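The block underneath contains the structure these notes are about, expressed in structure tokens.
Values in this text are rule-based calculations from the coordinates and carry no lab data. Treat the numbers as computed from the prediction; the structure is a model and nothing was measured. Here Cβ is always computed from backbone atoms with ideal geometry, including for glycine, and neighbour counts include all displayed protein chains.
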Amino acid sequence: MARKKFLMGNWKMNHTIAEANAFCEDVKDASLVKLARNKGVMLGVAPTFLSLTAVKKHAHGLIVSAQDVHYADHGAYTSNISIPMLKEIDVNWSIIGHSEKRTYEGETSFTCNRKIKAMVANDMHAIYCVGETAAQYDAGITKDVIREQVVTGLQGLTKDQMAYIVLAYEPVWSIGTGKNASVEIAQDICSYIRGLINELFGKVASQKVQILYGGSVKPNNIHDYLQAEDVDGALVGGASLKSASFKELLENI
Ligand code: PGA
């Protein structure tokens, strides 16, 4: 089954509103949305909460994603943003479970699951991140870790709700380090994840679900990853920040 390729830039805590606007101007000048459409690639960025409105306004046709969302609609959750708040500005995507949230802020697969369930119930798309640390990789328990993250994170979802889920395999040791996972590792784990989705939600869901690789993806290596059978795209941090590099990533898919 042919799955669409997907390039998503994760800006993390980068870009002021002015910088986000400048990026959008460049995207417009370079007709990147048109290029993506011609190539059949889904193209998006995940700015900070503060820049979401600006990017929505200035980059028509780009998928605009939050980097996190709370599972409750409202309430005493200082510093958080809710699903209705995102929907009010027409943001229908969020990254969930990024390793930086897991590592620095105690995000667990259980809290990810609460968020994902709330999102799909509200027609929101989740890019659910999974990945092992360097110690877990060295201990040879990558697949056990991934299994726990996938099974717990997606617990309680129906087959149909899987249409709202994109998975991203991001080995923690490769994020922002320049130390990529080899294409073989990326393919092995993405194929393992697809197998898990088959086990949990059946063949159709497993063939349809998009699985991205993330971790030091650059313009000079994105092509190789996307040749792998089970890698449907890339979640890119550092190399997505500058519009020129973002353009090259897209061109090289
Ligand atoms: P990186 O980040 O491309 O800078 O390694 C990827 C990510 O964290 O999504």
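Quarter the surface of the alpha carbon convex hull of the chain and you get the mean projected area, 12.4 square nanometres.
Charges only on Cβ, +1 for Lys and Arg, -1 for Asp and Glu: so what's the dipole of the chain about the Cα centre, in debye to the nearest 20?
It comes to approximately 540 debye.
When you count the other C-beta atoms within 10 angstrom of each residue and take the mean per peptide, 163-169, 69-75 line up highest first as 163-169, 69-75. With the highest mean first, a sort of the peptides 174-185, 7-18 on other beta-carbon atoms found within 10 angstrom per residue produces 7-18, 174-185.
Straight-line reach from residue 28: taking Cα to Cα under 18 Å and skipping same-chain neighbours fewer than 8 places apart, the lysines in range are 39, 56, 57, 242, 247.
Are there any helices in the chain, counted as whole DSSP H runs, that stretch 20 Å or more along their axis by Cα and score at least -0.5 on average by Kyte-Doolittle, and if so which? Mind dumping the intermediate values first?
Working: long enough: 183-201 (26 Å, 0.65).
Answer set is 183-201.
Take 213-226, 23-36 and order them by the average number of nearby Cβ atoms within 10 Å per residue, most first; the result is 213-226, 23-36.
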